[in-house]
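A.B. asks: Let me give you the structure first, and then I'll get to my questions.
The values are calculated or read from the model by the stated rules, or taken from the named source; none is laboratory data. Because the structure is predicted, anything quoted here is derived from the model rather than measured. Cβ sites come from the backbone with ideal geometry, for glycine too, and all protein chains shown count toward neighbours.
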Amino acid sequence: MRTYFECIPCFVRQTLDAARRVTEDPAIHERLLRETLRLAAEMPFDKPPPWMGQRIHRRLRELTGQADPYRQAKQEANAHALELYPGLKREIEASANPFCAAVRMAIAGNIIDLGAKSHLADDEIHAAIEHAVDSPIDEMAVNALHRRIQEAGDILYLADNAGEIVFDRLLIEQMSLERVTVVVKGAPIINDATRADAEAAGLCELVQVIDNGSDVPGTILEMCSAEFRQRFEQADLIIAKGQGNYETLSEADDRIVFLLKVKCPIIARDIGIEVGQLAIRTSDSSDDPQGHTRLNANAER
């Protein structure tokens, strides 16, 4: 997915939010903002938005000397999600369709995105869970995903954010664990999950966990490690969580299924659903002129 003109104000907002989160020094706020504006004026619009996000947050780390400015926020998100985990697991197990319930929960967890929104209250997470439970969902798409998971011998699960990765565990536990490999970021970027977050979520005890060798808030393959790219090419099925993965992989092949909560009007327009809805989506460049095939979008339209 390319960067649109409407993405530029979001870059500016994210720059200021991130700078103010990390430091109270107005000189750093101004410097990072000016550098972001210069970069935005020159950036290639055929790059996906996470290309810019990587550069903004790399510069923030350089200016402040903080290797992981969102570490505390990630730890808090993991802790809160882990408090919710036992109850959510019981709810899934008691459901008439545990797999569908787990898909809902995994997508609900995608609300924990400090790139899209700099501050997230606990009650917003609870509201996202209630929305996921109550919202209509295309059961044909859920069943199609279930079949693909059962048929795949090698599944890559591309995690998105800390905290959210605990919700991902609820879905991963519905799969054959020996066939699943969870992928986290290779270095800190915003509140994206790294290996430390996978360990906090208990995933390292369940499945293989690898990193992609990158600090992009998404998955730009040419910026990932050779080892990850090889695993990516070998996988039978790739489940990609979140908007960043959609933005960077939406024009790839139909082995990828995207699970996300749509938080951006640009992505909503690209997918063809409303902001706030839950999306299960795949893409295949051979299927139509724009390279998009909808496995499912939430039925609430």
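A.B. asks: Answer yes or no: is there a residue in segment 50-65 that is surrounded by 13 or more Cβ atoms within 10 Å (Cβ to Cβ) and not in a helix (DSSP H, G or I).
C.D. replies: The answer is no, given that none of the residues of segment 50-65 is surrounded by 13 or more Cβ atoms within 10 Å (Cβ to Cβ) and not in a helix (DSSP H, G or I).
A.B. asks: Now, a different point. Give all pairs with beta carbons closer than 6 Å in which a residue from segment 260-277 that is farther than 11 Å from residue 243 by Cβ meets a residue that is assigned to a loop (DSSP other than H, G, I, E, B) and among the acidic types (Asp, Glu); count only pairs at least 6 apart in sequence or on separate chains.
C.D. replies: Within 6 Å, the pairs are 277/300.
A.B. asks: From the set of residues in segment 247-299 that are within 17 Å of the chain's Cα centre (by Cα) and polar (S, T, N, Q), which is modelled with the lowest pLDDT?
C.D. replies: Taking the candidates together, the pick is 283.
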